[in-house]
Each structure stands twice: as structure tokens, then as C-alpha cells.
Amino acid sequence: MTHDGVIPFSKLEHLFDSLKVMTIATPWENGVWSAPLYYLYKNRAFWFFSSPNSRHIIGSKTYPEMVVAASIFWDDLKFSNIKGLQMRGKIEEVNTIDNMKSGLNNMKNGLNILSVVSAYIKKFGIPLGESIKSSTLRDSRNLRNPRETNNRIDEVLAFFQKHYRSQLYKFAPTEMIYMDNSINIGFKQNVKLEEM
């Protein structure tokens, strides 16, 4: 049952930031495959690292015309306290380095990618070790040209490819439904994406 009205974005933002795992379901062979992923919410998208050989990535590439589903939820021992988001949208590959460079029309786009990766590393406490200079992420605000930005992006993404065999993707929702059993059992409400 979907109710009319508006859920304050501040409530959703807290939910996005408090949780870490998103379950994503994509087409696979003659059905669907789901997988849990660590995510970071930033700039109206859910960013995650994943192996390009995983079923959920292959499935989303094999059937690009199909939407994928995703959900995040606050886990609780009481059924009446469960709340979260049910979504559908598209998965976009972000870190094919050559494709990304051609898509960097300005410094803002490159700095956005660096800020996403930096926030992801901080959120999940990923040890960088000696693989990446500490200044690579810390000093990104002082970058002066797209080439320097691209070099920083190359360095960070190469680290994830080497140590985790993963690439950067984003899930861009086209529809969101907020559900919250603490309001009412079965409470659901559409979220206006343009307000996010």
C-alpha cells in the first residue's frame, strides 16, 4: 500500500549514510541474480566497487535495456522496526579509465570521482598502504588541470583493480519507494527523485 505525502529527505539521507550494504538484483541467464554490495551514497547515486566478472555486472551489461532492482534496509529483530528503500534503475560503469577520461568534460567531473572514491575509502576504512601517495586523495582540491586530475584517478582506480580486482560502478535510481513499518505495517511511499 502506497501512501500520499512526502518523506523528508533528511530522514532518507540519514538512512543512506547509516547503512553500508545494498542488495542489487540484475538479469542473469533465464532469471535474476542478487548480490550484496558495500555502497556509498553521494551526488544522487549509490557508488560501489565490484568485479567486472561478477554475475550482477555481467547481467547488467548483457541486458542493458532492462532495469535492475536494489534495496537497502535497516535490519532489526522486530518486524515493526524494519525500514528502507526499494529501488529500480541502471548500473553504470564509471572506471573504464579510457572511457572515463573521454567523458571528463571539465575538472568538476574528475574531482567528483576523486571525492567519491575518497569518501568510500574513508567510510570502509580501506588501507591504502604505500600503493597510493597520501596526497593523491588529500590534496585533490589543489588540482589545476584535467590531465593532473586524470593521473590521480588512474592511480586510485589502478589500486582497486590490483588489490581488489574491482572497478567503480554507480547505481542511478529511476524509482524509489521508502518503506517503514514503524509508521504503519506495510507503509510505503514514492520518493520524488528531483527532490534529492
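Side notes on the structure shown:
- The set of residues from the stretch 153-175 being touching a residue at least 60 places away in the same chain (Cβ under 8 Å), among the aliphatic types (A, V, I, L, M) and in contact with a Leu (Cβ under 7 Å, 6 or more places away or on another chain) comprises Leu157, Leu168.
- Any hit, the stretch 159-176, residues being surrounded by 15 or more Cβ atoms within 10 Å (Cβ to Cβ), over 25 Å from Met66 (Cα atoms), touching a strand residue (DSSP E or B) at 6+ places or on another chain (Cβ under 7 Å) and at pLDDT below 90: yes
- Close Cβ contacts (under 7 Å, 6 or more residues apart or on different chains) running from residues in the stretch 39-56 that are at positive phi to residues that are at pLDDT below 90 comprise Asn43/Asn112; Arg44/Met196.
One line per residue, one yes/no per condition, for (1) hydroxyl-bearing (Ser, Thr, Tyr); (2) in a loop (DSSP other than H, G, I, E, B); (3) at pLDDT 95 or above:
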| site | (1), (2), (3) |
| --- | --- |
| Leu15 | no, no, no |
| Trp33 | no, no, no |
| Pro36 | no, no, yes |
| Tyr41 | yes, no, no |
| Asn53 | no, yes, no |
| Pro64 | no, yes, no |
| Ala69 | no, no, yes |
| Ile72 | no, no, yes |
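- Check on Ile113, within 25 Å of Arg55 (Cα to Cα), modelled with pLDDT of 65 or more and either surrounded by 14 or more Cβ atoms within 10 Å (Cβ to Cβ) or in contact with a His (Cβ under 9 Å, 6 or more places away or on another chain) (or both): yes
- Hits in the stretch 26-38 (condition: out of contact with any Gly (no Cβ under 9 Å at 6 or more places or on another chain) and touching a residue at least 40 places away in the same chain (Cβ under 8 Å)): Tyr38
- Some residue of the stretch 91-109 being at pLDDT below 90, over 27 Å from Ala158 (Cβ atoms) and not in a strand (DSSP E or B): no
The values are calculated or read from the model by the stated rules, or taken from the named source; none is laboratory data. In this text the structure is predicted, and so the values were computed from the model without any measurement. Cβ sites come from the backbone with ideal geometry, for glycine too, and all protein chains shown count toward neighbours.
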